[in-house]
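Before any comments, here is the structure.
The values are calculated or read from the model by the stated rules, or taken from the named source; none is laboratory data. All values derive from a computational prediction rather than experimental measurement. A quick note on method: Cβ atoms are made from the backbone with ideal geometry, for glycine too, and the neighbour counts reach across all protein chains shown. For the accessible areas, the whole protein counts, side chains as well, though only heavy atoms, and no ligand, DNA or RNA atoms are used. Shrake-Rupley method; radii C 1.70, N 1.55, O 1.52, S 1.80 Å.
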Amino acid sequence: MLFENLSSKLQETFRRLRGKGKLTEKDVNTALREVRLALLEADVNFKVVKDFVATVKERCLGSEVLESLTPGQMVIKIVNEELTKLMGESVAKLKPADKPPTIIMLVGLQGSGKTTTVAKLANHLKKANHSPLLVAADVYRPAAIKQLQVLGEQLKLPVFQMGQQNPVQIARAAVEQAKKNHNDYVLVDTAGRLHVDEELMDELVQMEEALQPQEILLVVDAMTGQDAVTVAESFKNRLGLTGIVLTKLDGDTRGGAALSVRAVTGCPIKFVGLGEKTDAFEPFYPDRMASRILGMGDVLTLIEKAQATFDEKKAKELEKKMRTQQFTLEDFLEQLQQLKQMGPLQQLLEMLPGMGGMGKKLKGMQVDEKEFVKVEAIIQSMTKEERHNPSIINSSRRRRIAAGSGTKVQDVNNLLKQFNLMNKMMKQLTKMEKGRFKGRGRFPFM
Amino acid sequence: MSLFGRIKEGLKKTRNIIMNRMEELFTRQNFDEDFFAELEEILIAADVGIETTLELVEKLRDKIREEKLKAPEQVLAALKSLILDILGRDPVPLQLEHKPTVILVLGVNGVGKTTTIGKLAARFTAEGKKVLLAAGDTFRAAAIEQLEIWAQRSHSDIIKHQQGADPSAVIFDGVAAAAARGADVLLCDTAGRLHNKANLMAELKKVYRVVDKALPGAPHEVLLVLDATTGQNSLAQAKVFNEAAPLTGVVLTKLDGTAKGGIVIAVARQLKIPVKFVGVGEGIDDLQPFDPVAYVESIFTTKEQ
């Protein structure tokens, strides 16, 4: 979804270019006009677009493109390279303090998602065996403290608060408590503020001076328009920003703000927020993002997700079963459940290559997660024996299973039919690819 | 302070690039290709969006030709007039004649729905109306508490369930209570939702249906809150929300920053949904009826006053 239209637009432009044997300067200009419009429509700031297009054009007009045999591909390569360069070339990690605790301040406009991000970052750190302390220093928005407390409770993490007192004092006291309780990270949730609000900006500067944080992360809504540049510049001018967190990337925004903010602050985008739940949070991979823009898919993210979710040992067992055709409904159920852990199917689909180009067709299509629930219910209504040997499921058993799972006999029939078909296909596949199958078995769903 | 004054004051805080460039642009004497290219850029910088910008500039070219415009002031007036053709020239007030008037407030996460409701409630109670709030954001942590604080501030009553409750049920109770207590206005809060989440949009459709069932003809106003800082995505939001629950107006928030929220021009152009209010500050009184003429003026104002 992200950058979907930009990527399909660029692809369209380059499809035309690809057919050409040799490019003239006019061709390059036409292509770059499309790039410009697409980037502007994606909310990339017009000044950033101007610079970007100028850089790409300069390189395109160099002899390497005009004389290249496949100039279209050359242009894609240059756009990709420049885009990656613009977004930062490697994954940026958090910088820990020499002596704990590491102090991280989160700042940003109202509604950009600071409080949610604090919780997500805390969860992220907790998973990596750290012990973060959450600090409620947003004393202005009604119920902001309560919001952080509720999130802290959900995550079973401590939240420090002193009510509506001076935020600088709150933060100071929090650091003291963290030292006492051996929390190795302190995450400070600050109040949302407009970058033109001098008084509140001063407050942040005071907080920075008092805490000397290792990280000050600017939280930016991915949907931000042209003003992203002004906002980021203002925060950058007052504070020692060390990174960006891009939120609400699970929307269908093209997310051009990512490029703008990165270009004007020079700070790396460190994390992205992808949903309302506290685990919808990932490191930002600039190179992958550039590939995604160009419609090359985000296979790496997908693979990593799969690896984190799929138990290595189980996968090997599964692979063996598939090869020896002992794959049962029980295994199928297990697989479904693992797939579900990887996140919403819609998101997974978008990461596959080729999907970017199909963006328009895919847009209306919603993957029906309810189908999954149905299948799960049906299998769970079967006895152990039935799961291992589906051939014993006669019509009376089918009726019982349907009643037990709250589905129709038809649904049960469908599932069994599909399962048989799948087993047959696997049989053929194993015959065909006996030698090569090994490497693939790791992701049976693909 | 008038809306015009407030917006101007907001703009004064950071002398906007757009302002300076406008000034420069309209002191030019000839209208060549560069002039139009610059103009395009200025509109784009205000988040008006490519399509609307190109259309506006095209129409402006025609107008200059047809009406033989020469002076920069004439061209500026022509451009303002073209934008006002889209936005409408007169403020569009809320329809408040029903008793109770049910107002549904929608939007994506973080645009300022709850704050807008608080400010609207304060405005209504100040007019002597009896106001009831329905805490329909049962999802986000502490959203109910946030609305409760606004209820106290605005001296209105609140209907709430637990966090995690069915929003339709809360709002149904709200409508019933509003009728029983003789409230003039019921303001319904909803959870922020990204418009591409089909299940959440389906939930919204249900809320809309339930309100209509509880009180035929309601909701009387369905307001979409848009953040002025948001770019082109606002248009997509307006389209999808409009399909789920037919919108009667837009509230444009956070206009006190440096963002212009020009996307409302595209929303008005494509969907014919008027802007009814603008948020220009954090205070309880910082929600003002939208005045199209003043808004367009503020976009093009070139001198500090």
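Can you run phi through the Karplus equation (6.51, -1.76, 1.60; θ = phi - 60°) for region B:37-42 and list ³J(HN,Hα) in whole Hz, with x for Gly and Pro?
Calculated HN-Hα couplings, in order: 5, 4, 4, 3, 4, 5 Hz.
Under the rule of at least 5 residues apart or a separate chain, name every residue whose amide H is placed under 5 Å from the amide H of B:T253.
Answer set, sorted by chain and number: B:L226, B:D227, B:A228, B:G279.
Below 8 Å between Cα atoms, with a sequence gap of 6+, how large is the relative contact order for chain B in percent?
Taking the mean separation of contacting Cα pairs over the length of chain B, I get 26 percent.
Using only Cα atoms and rounding to the nearest 10 degrees, what angle (0 to 90) does helix B:3-13 make with the longest principal axis of chain B?
It is inclined by approximately 70 degrees.
Which residues make up the longest stretch of chain B that has no trypsin sites (Lys or Arg not before Pro) in a DSSP loop with at most 15 other Cβ atoms within 10 Å? It would help to have the intermediate numbers written out before the result.
On the way: sites that count: B:R15, B:R28, B:K68, B:K70, B:R89, B:K272, B:K303.
Longest gap between qualifying sites, sites excluded: B:90-271.
Return the aspartates and glutamates within reach of A:K384: Cα separation strictly under 15 angstrom, same-chain partners fewer than 8 residues apart disregarded; answer none if there are no such residues.
Cross-link targets: A:E330, A:D331, A:E334, A:E376.
Can you tell me the 0 to 90 degree angle between the C-alpha axis of helix B:233-244 and the longest principal axis of chain B, rounded to 10?
40
Could you pull out every residue, at least 5 positions away or on a different chain, whose amide H is within less than 5 Å of the one on B:A134? Hs are placed 1.01 Å off N in the peptide plane, and Pro or chain starts have none.
B:I159, B:L187, B:C188, B:D189
Based on the Cβ-Cβ distance of B:E58 and B:A126, what FRET efficiency does E = 1/(1 + (r/R0)^6) give at R0 = 56 Å, to the nearest 0.05? Working shown, then result.
Details: r = 45 Å, r/R0 = 0.80.
Computed FRET efficiency for B:E58 and B:A126 comes out at 0.80.
With an 8 Å cut-off on Cα pairs and a minimum separation of 6 or more residues, tell me the relative contact order of region B:52-167 in percent.
Taking the mean separation of contacting Cα pairs over the length of region B:52-167, I get 19 percent.
Of all the stretches in chain B, which is the longest one without any exposed loop site, taking GluC sites (Glu not before Pro) in a DSSP loop (any state but H, G, I, E, B) with at most 13 other Cβ atoms within 10 Å?
No qualifying site falls inside B:128-303, the longest such stretch.
Sequence gap at least 6, Cα distance under 8 Å: using those rules, report the relative contact order of region A:191-251 to the nearest whole percent.
Working: 48 pairs, mean separation 25.6, N = 61.
It comes to 42 percent, rounded to a whole number.
Quick query: amide H of A:V219 versus all other amide H atoms, modeled in the peptide plane; which residues come in under 5 Å with a sequence gap of 5 or more or a different chain?
So A:V219 has HN proximity to A:V107, A:G108, A:V245.
Residue-wise, which Karplus ³J(HN,Hα) couplings in Hz belong to region B:68-84, taking 6.51 cos²θ - 1.76 cosθ + 1.60, θ = phi - 60°, and x for glycine or proline?
Karplus values, whole Hz, x for Gly and Pro: 6, 6, 10, 6, x, 4, 5, 5, 4, 4, 5, 5, 4, 5, 5, 5, 5.
Taking only protein heavy atoms and a 1.4 Å probe, what accessible area per residue, in Å², does region A:31-190 have with all protein chains in place?
That works out to 43 Å² per residue.
Show me you know the interface measure: the accessible area buried between B and A, both chains summed, probe 1.4 Å, in Å² to the nearest 100.
Numbers: alone 13400 and 22420 Å², together 32350 Å².
So the buried area, both faces added, is about 3500 Å².
Got a sec to turn the phi values of region B:156-173 into Karplus ³J(HN,Hα) couplings, 6.51 cos²θ - 1.76 cosθ + 1.60 with θ = phi - 60°, whole Hz, x for Gly and Pro?
Per residue, the Karplus-derived 3J(HN,Hα) values read 10, 8, 9, 10, 9, 10, 7, 5, x, 6, 6, x, 4, 5, 4, 6, 4, 4 Hz.
Just how far, in whole angstrom, is region A:75-112 from region B:57-81 if you go by their alpha carbon centroids?
Centre-to-centre (Cα) distance: 45 Å.
Select from region A:138-155 all residues whose loss of accessible area on going from the chain by itself to the full protein assembly reaches 30 Å² or more (probe 1.4 Å).
With the partner chains in place, region A:138-155 has these residues losing at least 30 Å²: A:R141, A:P142, A:A143, A:K146, A:Q147, A:V150.
What is the distance in Å between the Cα centres of region B:105-160 and region A:130-182?
Centre-to-centre (Cα) distance: 25 Å.
Roughly what would the spin-label model give for B:E66 and B:R209, points 7 Å off Cα along C-beta, in nm?
For the pair B:E66/B:R209, the computed spacing is 4.7 nm.
How far is it, in nm, from the label point at B:Q152 to the one at A:E330 when both lie 7 Å from their Cα along the line to the Cβ?
5.8
Please average, across the residues of B:84-97, the number of beta carbons from any other chain that are within 10 Å of each residue's own beta carbon, and give a whole number.
Mean partner shielding for this stretch: 0.
Give me the distance in nm between label points sitting 7 Å out from Cα along the Cα-to-Cβ direction at B:A77 and B:A198, one decimal.
Using points 7 Å along Cα→Cβ, the separation is 5.4 nm.
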